[in-house]
Structures are given as C-alpha cells and as structure tokens.
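A.B. asks: Can you read through this structure? Questions will come right after.
Derivation of every value follows stated rules applied to the coordinates shown; laboratory data play no part. Keep in mind the model is a prediction, meaning the values are calculated, not measured. Counting neighbours? That spans all protein chains shown, and the Cβs are built from the backbone with ideal geometry, glycine included.
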Amino acid sequence: MERRTVTIDEIIATFSSHVSKSYPSPKDFRRNFGLLLKGKRERVDKEGYSVSLEKNIVFLVDLVAEGERLAERLLMPGHSDEPDAQSISARLEAMEKASHERTAKLYREAFVEGTAAGFEELRGDRSAGGSAYVDKLEFNYRYLMTLRIFLFEFISVLAAVCLEYSISGAGHEAARKIRDHLELTAHYYLGNVAVGEEGAMKPDGEHPN
C-alpha cells in the first residue's frame, strides 16, 4: 500500500503546534531560564561560572551539530532508517552522552589551545573579560540550549512522521529550511525576534557568537 505524502511545510506546522502546546509562553520560558542561570551563578565563583558556561557552550555546539546531521539523514529521500519513538529517544540519549564524553577535548581546543574554529569571537572577548564577556556567554548558552531543546523535539516529530508518511521535497534544501525555522523559533522564545502585525517573526536584537 502506497504511503501518504506530507510536505516540509506540513511537518513544520505540526512541530510548531506541538511546541505551542508543550512549552510555556516565551515570557515564562525566559523567566525559567533566568532562574536556571541564577542557580548556576550562586553555586560557583565568577571564574568558575564563566568556565562552566564555556564548557556548556562547547558541549551544545557539538550536540546541535550532531542533531542537525541526524535530522538531515532522516530527511534524505529513500533513507531506510525509520526509528520509532522509543528508538529515537535512545539514539538522542546516546548522542548526548557521546557529546559529553567529547567535551573535555573540545573545550581544550576551543578555549585553552585556541585551535578550534567557530570560537574566535568568544576567545577574543575572553581576553578582555569582565561582565560583557559573561553576558555574551549567557546569551550564547541560552540560545544554544533553546536550539537544542527544539531540535530534539523536531527530530522526535520527524521520526514519528517518517513511520507513516513519505516526505515530499525532502533533501538538503529542506534541511536548511528546517534549520532556519528552528533557529527562528529559538530566537522567538528568547525574545530576540518580534512578532509582526501579520504574525511573522522578525529579528529584534543581537544574535549568538
């Protein structure tokens, strides 16, 4: 029996509906994040707080990259990988564990040896130090953590869709479209984009790193 077909836009709409029903309002989302960071600040001194944020950022950069690669594989036409909810959950957990295990090495390369690409701006700000650097770290941490949350949610939705439907227009272009949507969703929940008169999100503030 031939499977029904869904478009990328339909998958994005399903994901957006899922997020709006499963997560608090952007205002409450930001408040909860503020409490999380407040707790982190209170547990360590200023230097320890900065190092903790740096390590979290390195970890999240690696994990998000791995998650994006998994999402793109699931979007490739003709892929044979059809994970159910249980197996995709186990895969995401294993992926997170692997990123944790790489963090110490990646942190050395990013902030000790200074050889890792993608962290040049943060390394430059780090040499100046001060509250501006901590603010930058917090901004990057908030963004990457939020992106990770919604990326993992999208992968779970996508895996469920792949079990029942064929995806029309899947491929690299679709992956880029989804990546853009996830980034915009993260910025929206963090208050970095505003909702226009017609409901469209538009940039309204700074962006990470």
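A.B. asks: Per residue of the range 20-32, what does 6.51 cos²θ - 1.76 cosθ + 1.60 with θ = phi - 60° give for ³J(HN,Hα)? Whole Hz please, x for Gly and Pro, Karplus curve as stated.
C.D. replies: Karplus values, whole Hz, x for Gly and Pro: 5, 8, 9, 10, x, 4, x, 4, 5, 4, 5, 4, 5.
A.B. asks: Which pairs in the list Lys55/Lys177; Lys55/Lys97; Lys55/Lys136 are over 21 Å apart, alpha-carbon to alpha-carbon? Mind showing how you got there, number by number?
C.D. replies: Numbers: Lys55/Lys177 29 Å; Lys55/Lys97 15 Å; Lys55/Lys136 14 Å.
Beyond 21 Å: Lys55/Lys177.
A.B. asks: Rounded to the nearest 0.05, what FRET efficiency is calculated for Ser22 and Ser89 with R0 set to 22 Å and r the Cβ-Cβ distance?
C.D. replies: On the way: r = 15 Å, r/R0 = 0.69.
Rounded to the nearest 0.05, the efficiency is 0.90.
A.B. asks: In whole Hz, what ³J(HN,Hα) sequence does the range 157-170 give by Karplus (6.51, -1.76, 1.60; θ = phi - 60°), x for Gly and Pro?
C.D. replies: 5, 4, 4, 5, 5, 5, 5, 10, 10, 8, 9, 7, x, 6
A.B. asks: Please list, in chain and number order, the residues 5+ apart from Val193 or on another chain whose amide H is under 5 Å from its amide H, with Hs placed from the backbone.
C.D. replies: Under 5 Å from the amide H of Val193 lie the amide H atoms of Tyr188, Asp204, each far enough along the sequence or on another chain.
A.B. asks: A follow-up question, please. Given a cut-off of under 8 Å on Cα pairs at least six residues apart, what relative contact order in percent is computed for the range 1-125?
C.D. replies: Values: 39 pairs, mean separation 26.4, N = 125.
RCO, the range 1-125: 21 percent.
A.B. asks: Under 8 Å for C-alpha pairs, at least 6 residues apart: give me the relative contact order for the chain, rounded to a whole percent.
C.D. replies: On the way: 197 pairs, mean separation 76.4, N = 209.
About 37 percent, as a whole number.
A.B. asks: So how far, in whole Å, is the C-alpha centre of the range 86-153 from the one of the range 174-191?
C.D. replies: That distance is 18 Å.
A.B. asks: Next up: Each residue of the range 38-45 in order: what ³J(HN,Hα) in whole Hz does its phi give by Karplus 6.51 cos²θ - 1.76 cosθ + 1.60, θ = phi - 60°, with x for Gly and Pro?
C.D. replies: 4, x, 5, 4, 6, 8, 9, 7
A.B. asks: Quote to one decimal, in nm, the extra length available between Arg31 and Thr115 on full extension: 0.36 nm per residue of separation minus the C-alpha distance between them. Write out the running numbers ahead of the final one.
C.D. replies: On the way: separation 84, 0.36 × 84 = 30.24 nm, distance 3.55 nm.
So the extension gain works out to 26.7 nm.
A.B. asks: Ignoring the sites themselves, what is the longest stretch of the chain with no GluC sites (Glu not before Pro) in a DSSP loop and at most 14 other beta-carbon atoms within 10 Å?
C.D. replies: Details: sites that count: Glu2, Glu113, Glu197, Glu198, Glu206.
The answer is 3-112.
A.B. asks: Any idea how far apart Thr14 and Lys38 come out in nm if each label point goes 7 Å out from Cα toward Cβ?
C.D. replies: About 3.9 nm separates the two model spin labels.
A.B. asks: Separate question: Set the Förster radius R0 to 30 Å, insert the Cβ-Cβ distance between Lys46 and Lys97 as r into 1/(1 + (r/R0)^6), and round the FRET efficiency to 0.05.
C.D. replies: Working: r = 30 Å, r/R0 = 1.00.
Step by step, r from the Cβ atoms, then E = 0.50.
A.B. asks: Right, here's the next one. For the chain, what is the calculated [θ] at 222 nm in deg cm²/dmol (nearest 500), taking -39500 (n - 2.57) for each run of four or more DSSP H residues and dividing by its residue count? Write out the running numbers ahead of the final one.
C.D. replies: Values: 7 runs with 148 residues, N = 209.
-24500 deg cm²/dmol, from helical runs alone.
A.B. asks: Take the chain, connect every pair of alpha-carbon atoms lying under 10 Å apart with a spring to form a Gaussian network, then pick out the residue of Ser99, Ser17, Ser50 with the largest mean-square fluctuation.
C.D. replies: Ser17
A.B. asks: Say the dipole of the chain comes from +1 at the beta carbon of Lys and Arg and -1 at that of Asp and Glu; which of Leu35, Ile12, Ala90 then lies farthest toward its positive end?
C.D. replies: Result: Leu35.
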